[in-house]
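**Student:** After the structure tokens below, expect a handful of questions from me.
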Amino acid sequence: AAKWTYTGPEGEHHWPKHYPYCGGAFQSPIDIRSELLRFDPTLRPIEVQNYNLSPNEQLTLGNNGHSVQISLPSKMHISSLPHRYTAAQLHFHWGSSSRPAGSEHTVNSKQYAAEMHVVHYNSDKYPNMSMAVDKSDGLAVLGVLIEVGDFNPAFEQFLRFISGIKYRDQRVQISGFNIRALLPARLDEYYRYDGSLTTPPCYPSVLWTVFRNPVTISRKQFLSLATALYSSHAQDSSPVPLNGNYRKPQLADSRVVLVSFKE
Ligand SMILES: NS(=O)(=O)c1c(F)c(F)c(S(=O)(=O)CCO)c(N[C@H]2CCCc3ccccc32)c1F
Ligand SMILES: [Zn+2]
């Protein structure tokens, strides 16, 4: 498995050596700047289906060495886009206890504490994620900005198990819960642009939707996300903390960011 990191000799400035798309166009994340925005009245509210999972269902919560991820059942999908986009997994990007800013997208240079991504693939055209991941109309990712504030009971549904996946490739089964509760209340207010995976291989295959309104988690919840995990395996002699797992904003080039709302 090719190794890449967020800092050091395998850090993001070195990604293009092994992953050429990372040095290409249409890269994500970006700084969502006011001057790039254009109101688009055709942008409909995001509609998600089957996000409210029963506690009788089991989800896999895992540490893949780059993030904490939850694998999602294929009945979950986005129904308001031109094609059906079926959910594959969700994961997070965060800062560290000493530097609590770790979102990937920034808004007028403001970096949030963390960011959640719900990854979907175009299941009208492709049979699975692997076939969709490098196609220009392959993926749709919902981005949720996260700031430190009130306690978030929905996040607690998986955060309370995070000590069971401290090391790379550890996984635990958790009960299903309402994934919709991880999203902000308003799914009608969002930024929309064409971009890429924010990790290698950085394929320019993502229709990005970043919701305007952040969600909050408590400082204690943020610290458990930012301090519980290691990117190294349990048996490795020198454990490597997993934090600061965010790519810096990329050049917007001539890209316009569409917005579904008027101030
Ligand atoms: N920010 S991002 O671009 O949304 C993003 C990540 F940042 C991220 F870390 C991951 S990862 O956790 O899989 C670790 C490294 O790929 C993904 N995985 C996607 C793309 C790769 C293939 C694949 C296959 C099945 C399910 C999900 C995915 C990712 F899409
Ligand atoms: Zn991501």
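**Student:** Looking at LYS220, LYS248, can you tell me which residue is open to solvent by 40 Å² or more (accessible area, probe 1.4 Å) and within 15 Å of ligand 2 (Cβ to nearest atom)? Show your work before the answer.
**Tutor:** Numbers: LYS220 fails: within 15 Å of ligand 2 (Cβ to nearest atom).
Within the list LYS220, LYS248, the selection yields LYS248.
**Student:** Give the residue, chosen from VAL107, VAL148, VAL119, that is on the phi < 0 side of the Ramachandran plot and under 15 Å from the mean Cα position of the chain (by Cα).
**Tutor:** On the way: VAL107 fails: under 15 Å from the mean Cα position of the chain (by Cα); VAL148 fails: under 15 Å from the mean Cα position of the chain (by Cα).
Exactly one of VAL107, VAL148, VAL119 is on the phi < 0 side of the Ramachandran plot and under 15 Å from the mean Cα position of the chain (by Cα), namely VAL119.
**Student:** Something else about it: Name the pairs: first residue in region 86-104 and among the small types (Gly, Ala, Ser), second residue within 9 Å of ligand 2 (Cβ to nearest atom) and open to solvent by less than 20 Å² (accessible area, probe 1.4 Å), Cβ to Cβ under 6 Å, at least 6 apart or on different chains?
**Tutor:** Final answer for the pair search is ALA88/VAL119; GLY102/HIS93; SER103/GLU115.
**Student:** I'd like the full set of residues that are open to solvent by less than 30 Å² (accessible area, probe 1.4 Å) and more than 22 Å from SER123 (Cα to Cα), limited to region 201-215. Step through it out loud before you land on a result.
**Tutor:** Of the residues in region 201-215, the ones open to solvent by less than 30 Å² (accessible area, probe 1.4 Å) are 202, 205-206, 208-211, 215.
Passing the criteria: PHE211, VAL215.
**Student:** So, in region 1-25, of the ones that are part of a loop (DSSP other than H, G, I, E, B) and open to solvent by 60 Å² or more (accessible area, probe 1.4 Å), which residue ends up farthest from GLY195 (Cα to Cα)? Spell out the reasoning first.
**Tutor:** First pass over region 1-25, keeping only residues part of a loop (DSSP other than H, G, I, E, B): 1-7, 11, 19, 24-25.
Subsequent filtering for residues that are open to solvent by 60 Å² or more (accessible area, probe 1.4 Å) retains 1-3, 7.
Values: ALA1: 25, ALA2: 23, LYS3: 23, THR7: 22 Å.
That would be ALA1.
**Student:** A further question on this structure: Can you tell me how many residues within region 37-57 are surrounded by 14 or more Cβ atoms within 10 Å (Cβ to Cβ), closer than 30 Å to ARG168 by Cα and touching a residue at least 40 places away in the same chain (Cβ under 8 Å)?
**Tutor:** 2
**Student:** Checking PHE151 against (1) touching a strand residue (DSSP E or B) at 6+ places or on another chain (Cβ under 9 Å); (2) away from ligand 2 (no atom under 16 Å from the Cβ); (3) open to solvent by less than 60 Å² (accessible area, probe 1.4 Å); (4) of a type in the set (Phe, Trp, Tyr): exactly one of these is not met. Which one?
**Tutor:** (3)
**Student:** Looking at region 67-87, which of the residues that are closer than 29 Å to TYR230 by Cα and of a type in the set (A, V, I, L, M) is surrounded by the most Cβ atoms within 10 Å (Cβ to Cβ)?
**Tutor:** Taking region 67-87 and keeping what is closer than 29 Å to TYR230 by Cα, we get 67-74, 87.
With of a type in the set (A, V, I, L, M) added as a condition, the list becomes 68, 70, 72, 87.
Numbers: VAL68: 22, ILE70: 22, LEU72: 23, ALA87: 26.
Ranking the qualifying residues of region 67-87, first place goes to ALA87.
**Student:** Quick one: which residue in LEU242, LEU229, LEU258, LEU197 is at pLDDT 95 or above, over 24 Å from ASN152 (Cβ atoms) and touching a Lys or Arg at 6+ places or on another chain (Cβ under 9 Å)?
**Tutor:** Details: LEU242 fails: over 24 Å from ASN152 (Cβ atoms); LEU229 fails: over 24 Å from ASN152 (Cβ atoms); LEU197 fails: touching a Lys or Arg at 6+ places or on another chain (Cβ under 9 Å).
Criteria check complete, one pass: LEU258.
**Student:** Inspect all residues belonging to region 26-36 and state whether any of them is of a type in the set (S, T, N, Q), touching a helix residue (DSSP H, G or I) at 6+ places or on another chain (Cβ under 7 Å) and surrounded by fewer than 16 Cβ atoms within 10 Å (Cβ to Cβ).
**Tutor:** Narrowing region 26-36 to residues of a type in the set (S, T, N, Q): 27-28, 34.
Add one more test, that the residue is touching a helix residue (DSSP H, G or I) at 6+ places or on another chain (Cβ under 7 Å), and what stays is none.
No, the conditions are met nowhere in region 26-36.
**Student:** What are the residues in region 111-127 that are away from ligand 2 (no atom under 16 Å from the Cβ) and open to solvent by less than 60 Å² (accessible area, probe 1.4 Å), if any? Walk me through it before giving the result.
**Tutor:** Keep residues of region 111-127 that are away from ligand 2 (no atom under 16 Å from the Cβ), which gives 122-127.
Passing the criteria: ASN122, SER123, TYR126.
**Student:** To continue, here is another question. For region 45-110, list the strands (runs of 3 or more DSSP E) that sit wholly inside it and hold at least 3 residues that are more than 16 Å from ligand 2 (Cβ to nearest atom), modelled with pLDDT under 95 and within 24 Å of PHE222 (Cα to Cα); which are they?
**Tutor:** Values: elements: 58-63, 68-71, 85-94.
Counting at least 3 such residues, we get no strands (runs of 3 or more DSSP E) at all.
The values are calculated or read from the model by the stated rules, or taken from the named source; none is laboratory data. Quick caveat: nothing in here was measured; it's all calculated off a predicted structure. Note that each Cβ is placed from the backbone with ideal geometry, even for glycine, and that neighbours are counted across all protein chains shown. Ligands, DNA and RNA are stripped out before the accessible areas are found, and what is left, the full protein with its side chains, is counted by its heavy atoms. Shrake-Rupley method; radii C 1.70, N 1.55, O 1.52, S 1.80 Å.
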